[in-house]
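Okay, structure first, notes after.
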Amino acid sequence: MARAAARSTGRLAWPITAIAVVALAVLVLPLVALVVRAPWADLPELLGSSAVLEALVLSFTTAITATAVCLVLGIPLAALIAHAESWPTLPRRLLRAAVTVPLVLPPVVGGIALLMLLGRRGLIGQWLDETFGLTIPFTTGAVVIAQIFVALPFLVFAVEGALRSSDRRTELAAATLGASRWQVFRHVTLPLVAPGVAAGAVLCFTRALGEFGATITFAGSLPGTTRTLPIASYLAMQTDPDEAVALALLLLAVSVIVLLTLRDRWLPGSTA
Amino acid sequence: MTRSPRTTLRTATGLAAAALVALALAGCVTSGDEPAETSAPPTETTATLEAADVTVLAAASLTEAFDDLAAQFEEANPDVTITVSYGGSGALATQIIEGAPADVFASAAEPPMQQVVDAGLATGPVVFATNTLELVVPAGNPAGVTGLDDLANPDLRIALCDESVPCGAASAKLLANEGITAAPDTLESDVKAVLTKVSLGEVDAALVYRTDVKAAGDDVEGIEVPAAADVVNRYPIAAITDPSSDADEAQVAAAAAFVEFVTGDAGRKTLDTYGFGTP
């Protein structure tokens, strides 16, 4: 009896497995095709061109900057959300929704929204332009802002998950021993959730690296200034599909390597 | 910008699951088989086409003109549905070569069409319109732009098309002819994206087709550039003849009829109103 029970819980019904395999294929096959179609022989030459290197350097610098900013902004926001557990339902849900929206929003919409806020005729942008002569679109800073907008939720939710699952008793102990709230946060809470923070940063970086829609809408596309790898890949599709595939492959490789280094529990979906 | 998963799948047929996916996706993607005509018996006018869905891929600069032409064609042929997908001509050519479903291709320049012809997917493209560039500024011309020379001013915000798309290639040629080294702040992937940045006031000046200036209405102002007359973009159109396509006869006939319509008198008239030149 016990054995039969173990068997039936250990295995899935075959239709479920079959459908799951189809689902997996939907996700993986396009990437397989990319790898199969990649111009392997010409790859070193394609990826070594100065235009690609320029986009690569720009992508990495902006994504690292965006991740750093996300760390500074995101950890306190994650702490606030974790703290909001004791809030009334509506404000708690609104807070969570506000952080989740950029995750589900088409990035192009994010780009339009950023333009409406920070563009030369935008809500804040107009004032920045008139007062300081500062225009944000078409600058490398705009790329970073677009990346922060789309990547910040990844960091926030990873850190929030870590905060929730961490053992709060140490914090209590520290507090009863006379540590201030700030001291508790710095010396107890942060080290406790450090793996979650690291995982969140890695996810955040990967998302920033892949950012396309918000960037092209808000920051534009100028080689060396705003043309990141995804945009270079999109433009290459107009004239040289081989180069586009090579660039896409590069982005895929970076993402996969980064994700493989993450432990299962920190992947999105397993923390929420 | 629809992309067919057909090619992607073709390369991966070795994998067992591919067949299943193909079956699942086929339901969502292909729409070649239309329900047979039930009510209307064949009318006397032989011009009426059978029910068909025609997919047209057209250059972004054709947006307004082709929306209009498609509507006119549908009105004359009630059983035909024309779906137009707009984008950069080069990207559209790549999509067609990669197997995107397309019955007609209208390009903003000859090289992308040539790629499609070379791939054996179209024959005998016909040039049906011409276009030239014009300087465009936001309404009121806040930066006081006067001519092509202003595009070289690094203090101004300038948008141009990327050289990989026809309007960018034409812009580069025009600027080279005039000996101007432009200082662009962004190189966009199609002409409509450039125009948007102008109408939003995000850039001070840009080069777009004169038809786009016309289409944008009061949001922008055009500044004629005499030298632009030397750089003429020729727009070819052709029906796509993909031997591996699942298009039925009605669809092929409707696609050919649409090409004929665009290149014919009615099409010429409509294109005129949108500012396109006669080839």
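The values are calculated or read from the model by the stated rules, or taken from the named source; none is laboratory data. Just so you know, these numbers come straight off a predicted model, no measurement behind them. Backbone-built Cβ (ideal geometry, glycine too); neighbour counts: all protein chains shown. SASA here: full protein model, heavy atoms, side chains in, ligands and nucleic acids out. Shrake-Rupley method; radii C 1.70, N 1.55, O 1.52, S 1.80 Å.
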Worksheet, complete the sentence: log10 I(q)/I(0) for segment A:62-127, Debye formula on C-alpha points only (no solvent), q = 0.15, 0.16, 0.22, 0.25 Å⁻¹, two decimals, reads -0.69, -0.77, -1.07, -1.08
Discussion item. Can you give me the distance in nm between label points at B:Asn141 and A:Ala97, each placed 7 Å from the Cα along the Cα-to-Cβ direction?
Written reply: 4.8 nm
Worksheet item: Based on Cα positions only, what radius of gyration and what Dmax would you give for chain A, in angstroms?
Response: 22.2, 79
Practice prompt. Place a +1 charge on the Cβ of each Lys and Arg in the protein assembly as shown and a -1 charge on the Cβ of each Asp and Glu, then give the dipole magnitude about the Cα centre in debye, rounded to the nearest 20.
Written response: 3880 debye
Item to complete: Would you calculate the separation in nanometres between label points at B:Ala266 and A:Val258, each defined as 7 Å from the Cα along the Cα-to-beta-carbon direction?
Response: 5.3 nm
Fill in: Residue of A:Ala23, A:Ala219, A:Ala208 that the Gaussian network model of chain A assigns the largest fluctuation, springs spanning Cα pairs under 10 Å
A:Ala23
Worksheet item: According to the Cα gyration tensor, what semi-axes, each the square root of 5 times an eigenvalue, does the equivalent ellipsoid of segment A:214-253 have, listed from largest to smallest in whole Å?
Response: 18, 11, 8
Item to complete: Determine the equivalent ellipsoid of segment A:23-94 by diagonalising the alpha-carbon gyration tensor, then write out the semi-axes as square roots of 5 times the eigenvalues, largest first, rounded to whole Å.
Response: 41, 22, 7
Response to the item:
Once the mean of 1/r over all distinct C-alpha pairs in the protein assembly as shown is inverted, the Kirkwood radius in Å reads 26.5 Å
Response to the item:
So the pair-distance distribution of segment B:146-203, from every Cα-Cα distance in 5 Å bins, comes to percents of 4, 21, 29, 29, 15, 2
Discussion item. Give me the base-10 log of I(q)/I(0) for segment A:44-161 at each q in 0.11, 0.12, 0.22 Å⁻¹, Debye formula, one uniform scatterer per Cα, rounded to two decimals.
Written reply: -0.49, -0.57, -1.20
Response to the item:
Between chains B and A, total accessible area buried, probe 1.4 Å, no ligands or nucleic acids, nearest 100 Å², roughly 2800 Å²
Discussion item. Please enumerate, by chain and number, the lysines with C-alpha under 25 Å from the C-alpha of B:Lys173, excluding those fewer than 8 residues away in the same chain.
Written reply: B:Lys192, B:Lys197, B:Lys214
Worksheet entry | Approximate spin-label separation A:Glu54-A:Leu31, in nm, with each point projected 7 Å along Cα-to-Cβ | 3.1 nm
Fill in: GNM result for chain A, Cα springs below 10 Å: residue of A:Ser166, A:Ser180, A:Ser221 fluctuating most strongly
A:Ser180
Discussion item. Can you tell me the length gained on complete extension of the stretch B:Ala119 to B:Thr83, counting 0.36 nm per residue apart and subtracting the Cα distance?
Written reply: 10.6 nm
Worksheet item: Under unit Cβ charges (Lys, Arg +1; Asp, Glu -1), what dipole magnitude, rounded to 20 debye, does segment A:43-266 have relative to its Cα centre?
Response: 1000 debye
Practice prompt. Show that you can apply the helix-only estimate: for chain A, add -39,500 (n - 2.57) for every DSSP H stretch of four or more residues, divide by all residues, and state [θ] at 222 nm to the nearest 500.
Written response: -24000 deg cm²/dmol
Worksheet item: More than 18 Å apart: what percent of Cα pairs in segment B:76-181 qualify?
Response: 61 percent
Practice prompt. Please list the helices of chain A that count as membrane-span-like by this rule: a mean Kyte-Doolittle hydropathy of at least 1.0 together with Cα atoms stretching 30 Å or more along the helix axis, each helix being a complete DSSP H run.
Written response: A:14-37, A:50-83, A:140-165
Practice prompt. Taking all pairs of distinct Cα atoms, average 1/r, flip it, and tell me the Kirkwood hydrodynamic radius of segment B:133-230 in Å to one decimal place.
Written response: 12.7 Å
Practice prompt. Distance between Cα centroids, segment B:183-211 to segment A:134-177: provide it in whole Å.
Written response: 36 Å
Item to complete: Could you give the size of the charge dipole of segment B:206-279 about its Cα centre, using +1 on the Cβ of each K and R and -1 on the Cβ of each D and E, expressed in debye and rounded to the nearest 20?
Response: 280 debye
